Amino acid sequence: MTGNWAGAEAPGEDVIADLAEATIAALAAPYRDAARDVALRITDFASDDMLDALGIEDWADLTGLYEGIPLTEKSVMDQADRPDAIWLFRLPILYEWTERGDVTLGALVAHVLVHELAHHFGWSDAEIARIDRWWE
């Protein structure tokens, strides 16, 4: 182990938010503009209701979630009761980051955020997997 970690704290929600905002700022203009229309929510982990709705038993298995209507399905007739949102779950992200040990925290946050943005743009998990070989 290198360095003195005795006084170190785990990266907080503000750090995750800063990394996510930097990712959005680096996107190509059309994607960046659309991404800025999505509310960004950072919290320690998903609620029990979210996990139950997705059939996920372990909170550590969900690093991010898109809530909303994908752009490919939106209609002028849709009356949203809240803005589309992307949730980033800090503790599962940190857990995965430490378990992987081979990526920066910024790269992992960017990957999770872009994956959720892809859902906003209307891409399915299968479509995302064809172009994003991150997990291989």
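The H on the amide N of Ile69, modeled in the peptide plane, is under 5 Å from the matching H of no residue at least 5 residues off or on a different chain. Please build a GNM for the chain, connecting alpha carbons under 10 Å apart, and tell me which residue among Leu54, Leu88, Leu117 fluctuates the most. Per the Cα network of the chain with a 10 Å cutoff, Leu54 tops the list.
Expressed as an acute angle from 0 to 90° and rounded to the nearest 10, what is the orientation of the C-alpha long axis of helix 13-26 relative to the principal long axis of the chain? Here the helix axis deviates by roughly 60 degrees. In the set (i) 59, 25, 25; (ii) 56, 35, 29; (iii) 48, 28, 25, the label that goes with Cα extents along the principal axes in Å computed for this structure is (ii). Taking Ala22, Ala60, Ala126 in turn, the Gaussian network model of the chain (Cα-Cα springs below 10 Å) assigns the largest fluctuation to Ala126. Rounded to the nearest 10 degrees, the angle from helix 105-120 to the longest Cα principal axis of the chain is 10 degrees. Between Glu99 and Ser124, full extension at 0.36 nm per residue minus the direct alpha carbon distance yields a gain of 6.3 nm. Give the residues of region 93-130 whose amide nitrogen is closer than 12 Å to a point set 7 Å from the Cα of Ala8 in the direction of its Cβ. Output list for this probe position: 98, 105. Fewest neighbouring Cβ atoms within 10 Å first, the residues Phe121, Phe89 line up as Phe121, Phe89.
Helix 90-100 and the longest principal axis of the Cα set of the chain meet at an angle near 60°. Each label was represented as a point 7 Å from its Cα along the Cα-to-Cβ direction; for Asp48 and Glu21 these points are 3.4 nm apart. For Arg41, Arg90, the sequence from fewest to most other C-beta atoms within 10 Å is Arg41, Arg90. Say we join alpha carbon atoms closer than 10 Å with springs in a Gaussian network model of the chain; which of Ala29, Ala20, Ala118 then has the biggest fluctuation? The residue with the greatest mean-square fluctuation here is Ala29.
Each value in this text was obtained by applying a stated rule to the coordinates, not by laboratory testing. From a predicted model like this one, the values you see are computed outputs, not experimental measurements. Don't worry about glycine lacking a Cβ; one is built from the backbone with ideal geometry, like all the others, and counts go over all protein chains shown.
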